[in-house]
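To start, the structure itself, in structure tokens.
The values are calculated or read from the model by the stated rules, or taken from the named source; none is laboratory data. Since this is a predicted model, take the numbers as computed values, not measurements. FYI the Cβ positions are ideal-geometry reconstructions off the backbone, even for glycines, and counts take in every protein chain you see.
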Amino acid sequence: MKDNATIKKMIEELKTLKTEDMYLNDFFHTWKESDDEIKAVFDVAEILRAMRENNISTKVFDSGLGISVFRDNSTRTRFSFTSACNMLGLAIQDLDEGKSQIAHGETVRETANMISFMADVIGIRDDMYIGKGHTYMKTVADAVQEGYDEGILEQRPTIVNLQCDIDHPTQSMADMLHVINHFGGVENLKGKKVAMTWAYSPSYGKPLSVPQGIIGLFTRFGMDVVLAHPEGYNVMPEIEEIAKENAKKGGGSYKRVKTMEEAFKDADIVYPKSWAPFAVMEERTKIVEHNDEKALHALEQSCLASNAKYKNWTCTEDLMKTTKDGEALYMHCLPADITGVSCKEGEVEEAVFDKYLVPLYKEASYKPYIIAAMMFLAKFQNPSAKLEELLAEAKKRIK
Amino acid sequence: MKDNATIKKMIEELKTLKTEDMYLNDFFHTWKESDDEIKAVFDVAEILRAMRENNISTKVFDSGLGISVFRDNSTRTRFSFTSACNMLGLAIQDLDEGKSQIAHGETVRETANMISFMADVIGIRDDMYIGKGHTYMKTVADAVQEGYDEGILEQRPTIVNLQCDIDHPTQSMADMLHVINHFGGVENLKGKKVAMTWAYSPSYGKPLSVPQGIIGLFTRFGMDVVLAHPEGYNVMPEIEEIAKENAKKGGGSYKRVKTMEEAFKDADIVYPKSWAPFAVMEERTKIVEHNDEKALHALEQSCLASNAKYKNWTCTEDLMKTTKDGEALYMHCLPADITGVSCKEGEVEEAVFDKYLVPLYKEASYKPYIIAAMMFLAKFQNPSAKLEELLAEAKKRIK
Amino acid sequence: MKDNATIKKMIEELKTLKTEDMYLNDFFHTWKESDDEIKAVFDVAEILRAMRENNISTKVFDSGLGISVFRDNSTRTRFSFTSACNMLGLAIQDLDEGKSQIAHGETVRETANMISFMADVIGIRDDMYIGKGHTYMKTVADAVQEGYDEGILEQRPTIVNLQCDIDHPTQSMADMLHVINHFGGVENLKGKKVAMTWAYSPSYGKPLSVPQGIIGLFTRFGMDVVLAHPEGYNVMPEIEEIAKENAKKGGGSYKRVKTMEEAFKDADIVYPKSWAPFAVMEERTKIVEHNDEKALHALEQSCLASNAKYKNWTCTEDLMKTTKDGEALYMHCLPADITGVSCKEGEVEEAVFDKYLVPLYKEASYKPYIIAAMMFLAKFQNPSAKLEELLAEAKKRIK
């Protein structure tokens, strides 16, 4: 647990960062944020966590709403968003499209305004269809900006990307904060090898946003990031370009390799996880737009058959032994497909998963604080002053 | 944005109104409220909105629950109710009848008490069946009154009608407040012509509560209110009687005409919207009570066939040109059936709808404040004193 | 309504009780709690109720979450839990397993941590399968304890049993507090006769936790508790053992009789309610584990047929006349199967049920306060000091 002096020091560090552009802005993709902005999210997340651990209230909203729009299932992201809202003082209202009139032809623009009369934040998960998720979020953002400019909304709600078709910034940043803490600081990351690899799963169509989010963010920290997947399981080429540029600027490297073995060799961090090929995801989107159930079924079958050829892409104890000192940090966004536990054959052997249970849960535990930090930086022009105020006031969260 | 001096002046005006009977009471139908009471709702809504725009907390409940009971789909009313509760400090708990044991034979009276042990407000939408919605709300109101009298409940929750079979007061009052602001004050409304007209929609069984709410409220402001619909698409005769009486008292007029053209001619305000004939709605209720699916399907088909005869009842640009200076205020409760957008042929042409997008969203934006005002007036015996207190305290909503 | 002096006196009484072991602990079964602990729950419940009735805020959490996990339908327990959380300052987040990824193979242990990053309380209802509900709750409790110990969670959430396969402590304690108040104090209960009896219902598989909860708790107060049911409708033998021991220690008695008539004879309290035989419940669990729908249907049919032999096990006016002065307190956890109202033939005659409507609702009204008291005692090491603080501060709940 960090004491008040440590928290004060962390706030001092935050003061050195340029975060003005985050104020009243949205958080879509990590690569749209400057290094200072990324660091500020980590700093605020850690400060908020430390304050909570010290039973200091971080409630900066007396009232207000956080709207959640989940266009895909979610437990951990839903709870993380709720937790983040709650710790800042916002109540949650779900836009449950099953219940609402959206299905009856409401346009996104109209709905965006109708849910935002008292919304401070809108968290959106829309990761199912390539070319759709981010576009939807941008449309919502534009609509609420216009609503605010026209005097319809009394505030401009901030959009937080809780996973789109391109990036999953709350995941990748929680993951990265875990890595930073695990290795004792960002200064220890230079030269570390990260293996982001595909792994077999009996399910189909897992989003690309996790591997893309990881290579798009981890390459900024001077690490050697390796992406491995079977032939054809490519991610979006634009994101690989971003990874390359990041690596160049950050003094690390990015490359793609063809086997899990090569990726794992001497790796400091491994992140084996299933995803669907970009080309398949694009095809699926087109099929869904044409409402062609037969074609969708055929695609699913062919994709599962293709996956089945790569059942040997699985994270075994033997493979883990080939990593740096046999002790690479195993990561996953959870839930994982664990061989013999959640499926017959999956992404990881039970023995590996079990060994890393505590670090895996810790990894996940950063997400609510990352989300809260994104909101905080969007809502306060002078975040360090506001944090100092909270610390000085030291109102107890539990009486 | 209104400054504090303006808000103080608004509170002074509120002081001149007699609102005692609203205290600890319910809000069912606008025509059950006195002119002072109606005005008080508008005033409190505007004051609450001004305070929010000035970042002044309006949280009058330290804790407490607002219960929502939606017996029909809803996005905007649901979010408006949530927002209203949140801005006053209440948390929302849905009574989701799908999840609950109501389907297994619990009586309304029992449920009303079971959900009210800590309920400050109950918002109900029950608009599907003629003779049922208002009756249900009254039963809930009687049950919680009895529960309070018997010492079962520690407070008597207020019922807010979020749409019944007869009236939709939170809609009509949000609409009216929009009209008042649009025309620069209630004093400018005398002699204005309002056209509440039926319009074609490809859907079936839309509630009567919107047209009834509009003619029941708008006739109180000295305006010339015209109701137009195809033969047989009558609203409830009792409500027309109320409209006539209101018009007489208020110095305006109410009449029914047979064409959209006649209604739109020189109108200052047009409100073209689909609804099902009263006679059909009554028949449907009987059929549903007897659980006769075949008859229900037959009724739906005949109703859709009947609607289809009136596809020319649609709000076109040409028709809009015939209104006062070609610039009548177009209104709708949303979502509208827009020709070529949400349906092939509908209530309104896209060009008309798009021209009025901003005023339409503004119209909708009053609803949360109207609901909050209804609650506020039911919960505080001296509402102006309480508002002055909030203004003086000036606690920031966002720190 | 109790005045502040009375509340102070109640707090003084609370001070005499030993409640240290409740701090940071869970509430699973009443028989695991000492007499002091049981009394403390009643005392705190009454104090919290009195404070609320006096418009004194009991909000001890500035922010925080209460997680609800309902693995069976519920209206009243859901609303009671929400109310309890709200009155202490916690927001509710449902773990809706339909929406979440649990169905896709997440383990209980993982989920428990993922929902608990900011959870102060987890309320669980899992009453459907013998040997499962309590086990599930224990697993969650162990998982969050480990999560806390490992630094994953910044607090150790308290588990509150909202009904398991074995006990329904929030129900039995609300029932008992109702009895205490009805008879004017715990000192008046010695020698009172309680008839917990089976009653006919046209439904199948009602949980055993209510009758077990009642005999497990009511036997602690020196009363003569009688359990009556048709042959074969036994409850869990372990719980009967607990009832016997309790009776011995408490100076009362426990026995099983074979007819409703014998049980009702001169009873001061009657609790006629349907349940499924323990043996059937055990069989059902096995069948469900093997996913054998045919066997499940057969079991249901045989169980309904068996029930139908005992339609005469129903609480009639005539039977009520045989109770003490014909005026026994009729109790039910609600909703009841009322003959001619919610079913053709059921647990109770309409005339009996209607006569006891007000006491039945009062009985239910204690539940939110009981739950709040359980949370309060788990969250504050010195509950009486905290209550005194709230009373001294006297912050108004409604401004």
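Quickly run through the stretch C:386-399 and pick out the residues that are surrounded by 12 or more Cβ atoms within 10 Å (Cβ to Cβ) and free of Cβ contacts under 8 Å to residues at least 40 places away in the same chain. Those that are surrounded by 12 or more Cβ atoms within 10 Å (Cβ to Cβ) and free of Cβ contacts under 8 Å to residues at least 40 places away in the same chain: C:GLU389, C:LYS399. Beta carbons closer than 7 Å, at least 6 apart along the sequence or on distinct chains, pair a first residue in the stretch C:287-312 that is closer than 27 Å to C:GLY340 by Cβ with a second that is assigned to a helix (DSSP H, G or I) for C:CYS303/C:VAL280. So which of C:TYR310, C:TYR330 is closer than 15 Å to C:LYS355 by Cα and among the aromatic types (Phe, Trp, Tyr)? Testing whether each residue is closer than 15 Å to C:LYS355 by Cα and among the aromatic types (Phe, Trp, Tyr) leaves just C:TYR330.
Selection within the stretch C:273-308: residues that are closer than 18 Å to C:SER209 by Cα and among the charged types (D, E, K, R). The member of this set that is modelled with the highest pLDDT is C:LYS273. With the checklist (1) touching a residue at least 24 places away in the same chain (Cβ under 8 Å); (2) more than 17 Å from the chain's Cα centre (by Cα) in hand, flag the one item A:GLU187 doesn't pass. A:GLU187 satisfies all of (1) touching a residue at least 24 places away in the same chain (Cβ under 8 Å); (2) more than 17 Å from the chain's Cα centre (by Cα) except (1).
Checked against the criterion of being out of contact with any Asp or Glu (no Cβ under 8 Å at 6 or more places or on another chain) and either assigned by TED's automatic domain parsing to the domain that holds A:GLU300 or under 30 Å from B:LYS367 (Cα atoms) (or both), the candidates A:VAL179, A:VAL194, A:VAL160 yield just one match: A:VAL179. For the structure I just gave you, tell me whether A:SER34 is among the small types (Gly, Ala, Ser), surrounded by 20 or more Cβ atoms within 10 Å (Cβ to Cβ) and more than 11 Å from chain B (Cβ to nearest Cβ). Against the criterion (among the small types (Gly, Ala, Ser), surrounded by 20 or more Cβ atoms within 10 Å (Cβ to Cβ) and more than 11 Å from chain B (Cβ to nearest Cβ)), A:SER34 does not qualify. In the stretch A:45-101, the qualifying residues are those that are more than 22 Å from the chain's Cα centre (by Cα) and of a type in the set (Val, Ile, Thr), and the one that is nearest to A:LYS138 (Cα to Cα) is A:VAL60.
Conditions tested, residue by residue: (1) in contact with an Asp or Glu (Cβ under 6 Å, 6 or more places away or on another chain); (2) under 17 Å from B:ALA195 (Cβ atoms).
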site: B:HIS229; (1), (2): no, yes
site: B:MET236; (1), (2): no, no
site: B:ALA243; (1), (2): no, yes
site: B:GLY252; (1), (2): yes, yes
site: B:ARG256; (1), (2): no, yes
site: B:ASP266; (1), (2): no, yes
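Of all residues in the stretch B:146-164, those being more than 15 Å from the chain's Cα centre (by Cα) and more than 20 Å from C:ARG76 (Cβ to Cβ) number 2. Among the numbered conditions (1) closer than 30 Å to A:GLY340 by Cβ; (2) within 14 Å of chain A (Cβ to nearest Cβ), the only one that C:ILE92 does not meet is (1). Considering only the stretch A:317-352, state which residues are hydrophobic (A, V, I, L, M, F, W, C) and part of a strand (DSSP E or B). Across the stretch A:317-352, the qualifying residues are A:LEU329, A:ILE338, A:CYS343, A:VAL348.
Screening C:GLU150 against (1) within 12 Å of chain A (Cβ to nearest Cβ); (2) buried (at least 24 other Cβ atoms within 10 Å of the Cβ); (3) farther than 22 Å from B:MET118 by Cα; (4) of a type outside the set (Ser, Thr, Tyr) leaves a single unmet condition, (2). Counting only helices (runs of 4 or more DSSP H) that fall entirely inside the stretch C:353-399 and contain at least 3 residues that are away from chain B (no Cβ under 14 Å) and among the aliphatic types (A, V, I, L, M), the qualifying elements are C:367-379, C:383-393.
Selection within the stretch A:31-71: residues that are in contact with a Ser or Thr (Cβ under 6 Å, 6 or more places away or on another chain) and not charged (D, E, K, R). The member of this set that is nearest to A:SER365 (Cα to Cα) is A:LEU48. Note on the stretch A:119-140: among residues that are in contact with a helix residue (DSSP H, G or I) (Cβ under 6 Å, 6 or more places away or on another chain) and among the hydroxyl-bearing types (Ser, Thr, Tyr), the one that is surrounded by the fewest Cβ atoms within 10 Å (Cβ to Cβ) is A:THR139.
Somewhere in the stretch C:256-264, is a residue of a type outside the set (Val, Ile, Thr), in the same structural domain as C:ASN188 (by TED's automatic domain parsing), surrounded by fewer than 16 Cβ atoms within 10 Å (Cβ to Cβ) and in contact with a Pro (Cβ under 9 Å, 6 or more places away or on another chain)? Yes, the conditions are met somewhere in the stretch C:256-264. Scanning the stretch B:184-192 finds no residues that are in contact with a Ser or Thr (Cβ under 6 Å, 6 or more places away or on another chain) and surrounded by fewer than 24 Cβ atoms within 10 Å (Cβ to Cβ). Restricting the stretch A:54-72 to residues that are more than 11 Å from chain B (Cβ to nearest Cβ) and modelled with pLDDT of 95 or more, the residue that is farthest from B:LYS59 (Cα to Cα) is A:ASN54.
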